[in-house]
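J.: The structure's right below; bear with me while I get my questions together.
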Amino acid sequence: SSLCDTYSSLCDVYSSLCDVYSSLCDVYSSLCDTYSSLCGVYSSLCGVYSSLCDVNSSLCDVYSSLCDTYSSLCDVYSSLCDVYSSLCDVYSSLCDVYSSLCDMYSSLCDVYSSLCDTNSSLCDVYSSLCDMYSSLCGVYSSLCDTYSSLCGVYSSLCGVYSSL
């Protein structure tokens, strides 16, 4: 019973971590929205460049080239951020699944503990099952850590894109 209580507590921690990961991904999504707004600024600048062409036509080729670059970069940023946002949604959903599974494991351990009082010869079997559940929860936690790290990479890339 004590072991199962520990497993249940660990799973609660995993669930909390996954909630944090989900929140971070929401932040990344907001950052990508900010990048999108910056692209709007680029678009406005291109409008200014167009007006300047009327004043100094010799620079029009330069202005046009810059605007083409802005447009291409913004298309790339937007597409990548959409991908990042979608991936983070997947990560969040997976973490919800892991949390549900851990809740199930915890409930099962409570059942096993009750059954041990009735038939002590099955306690070893129940204990082994609980060990397996704990191992699975450890795998889920590792996966969530990986997802969080990937979201951090995505965020950093978006920062680089914004700087460009």
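J.: What shape does the stretch 33-97 have by the C-alpha gyration tensor, where a ≥ b ≥ c are the square roots of the eigenvalues, rounded means a/c under 1.5, and otherwise prolate means a/b greater than b/c and oblate the rest?
T.: Prolate.
J.: Roughly how many debye, to the nearest 20, is the charge dipole of the chain about its Cα centre, given +1 on each Lys and Arg Cβ, -1 on each Asp and Glu Cβ, and no other charges?
T.: 340
J.: While we're looking at this one, here's another question. So for the chain, taking the charge dipole from beta-carbon charges (+1 Lys/Arg, -1 Asp/Glu), which of CYS137, LEU87, SER36 sits furthest toward the positive end?
T.: Of the candidates, SER36 comes out farthest on the positive side.
J.: With Kirkwood's inverse mean 1/r over C-alpha pairs for Rh, give me the Rg to Rh ratio of the stretch 1-125, two decimals please.
T.: Reported Rg/Rh (Cα atoms, Kirkwood Rh): 1.45.
J.: Output the peptides 80-91, 107-118 sorted from most to least packed, where packing is the average of other Cβ atoms within 10 Å over each peptide's residues.
T.: Taking the mean over residues of other Cβ atoms within 10 Å, the ranking is 80-91, 107-118.
J.: I'd like the FRET efficiency for TYR42 and LEU136, computed as 1/(1 + (r/R0)^6) with the beta carbon distance as r and R0 of 35 Å, rounded to 0.05.
T.: That gives a FRET efficiency of 0.15.
We did not get these values from a lab; they are worked out from the coordinates using the rules stated. Computed from a predicted structure; not experimentally measured. No Cβ is skipped: glycine too gets one built from the backbone with ideal geometry, and neighbour counts run over all protein chains shown.
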